[in-house]
Amino acid sequence: CAGSSQPSSSSDRLDALQHILGATAPWAILHVPALASRAQCEAAYRRPVILLHPDTFHHPAADEAIGKLSEAVLWAREPEEWAAQEAQKRERQERVERAQSWMQ
């Protein structure tokens, strides 16, 4: 439970890491329904961010997981900003793909 004072096991951390890295949609990363409230998203963000913070969890993918969590919570907090960032990512990816196809 998110408010639990029990220490987290390595398997809890690895399970959370695997889930986050395997998910793509913001609500899936946060493990909430697509129509979850902002409060639900905020609550779902807290535990994995504590579990996986690179200062306390020394795993090569911890930074990537925290980045995905941060993007996912941005989706809940600032949907317009998240949408703008997603559009920029798509544009960059399209430019890279065009450059790669041009070079072949």
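The values are calculated or read from the model by the stated rules, or taken from the named source; none is laboratory data. Fair warning: this is a prediction, and the values are worked out from it, not measured in the lab. Heads up: the accessible areas ignore ligands, DNA and RNA and are worked out on the full protein's heavy atoms, side chains in. Shrake-Rupley method; radii C 1.70, N 1.55, O 1.52, S 1.80 Å.
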Roll a 1.4 Å probe over the protein chains and send me the accessible area per residue for segment 10-78 in Å². 56
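With the full set of protein chains in place, find how many percent of the accessible area of segment 10-78 is carbon and sulfur; take the probe as 1.4 Å. Numbers along the way, then the final one.
Details: 2170 of 3890 Å².
Here it works out to 56 percent.
Roughly what % of Cα-Cα distances in segment 1-96 sit above 18 Å, to the whole percent? Write down the numbers at each step before the final one.
Working: 2198 of 4560 pairs.
When all Cα pairs of segment 1-96 are counted, 48 percent exceed 18 Å.
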For the chain, find the longest principal axis of its Cα atoms and tell me its angle to the long axis of helix 38-52, 0 to 90°, nearest 10. 80
